[in-house]
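Only one structure is covered here, and it is reproduced in the block below.
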Amino acid sequence: MSMALGSKSPLTDINVTPLIDVVLVMLIIFMVLTPLADKKLDVRVPEPEARLVPPSATPPDQLVLTLRGTGRVLLGRQEMSAEEALARLGPTFQGRPSQVLFFNAEDGVRYEDAVQLLDAARKAGVQTVAMMTDPPPTPAP
């Protein structure tokens, strides 16, 4: 069976026009929706002060939670386990007018451990967490 010269042969090329149309529509959808999906974290950056407050003028109701490289925690000046510190945070912050906890972590602490401790402190009732960049002054023996 031979084909005549004027007959059409089947078209074997793939038509990519519908594929390009779909990809362009998806691109436009993602370009519109991406700015709407931003998650925001409210951060209050302190204003620079002209003078430094001496350590003796620090209010006594401030509570410092320090995570050590060994996994132990200092709550104020008392060393304890993280579970003990979190158990004390709930009752401590219930009657406080200032719901601020100052958090400090030693240099050797893993980031994951610090975040887990901060999450647990939030669950214990802490409203505001202030990050410390310098360790609190240690009392003289």
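DSSP assigns beta bridges within the range 59-131; of those with both partners inside it, close to 40 percent run antiparallel.
Can you give the FRET efficiency to the nearest 0.05 for residue 128 and residue 33, using r as the Cβ-Cβ distance and R₀ = 41 Å? For R0 = 41 Å, the calculated efficiency reads 0.80.
One chain, two ends: residue 14 and residue 100. Fully extended at 0.36 nm per residue, the span grows by 24.5 nm beyond their Cα-Cα distance. A crude spin-label estimate for the pair residue 24 and residue 62, with each label 7 Å from Cα along the Cβ direction, gives 6.1 nm.
Each reported figure results from applying straightforward, stated rules to the coordinates on display, with no laboratory input. The structure presented is a predicted model; accordingly, all values stated were derived computationally and were not measured. Glycine gets a Cβ as well: all are built from the backbone with ideal geometry, and neighbour counts include every protein chain shown.
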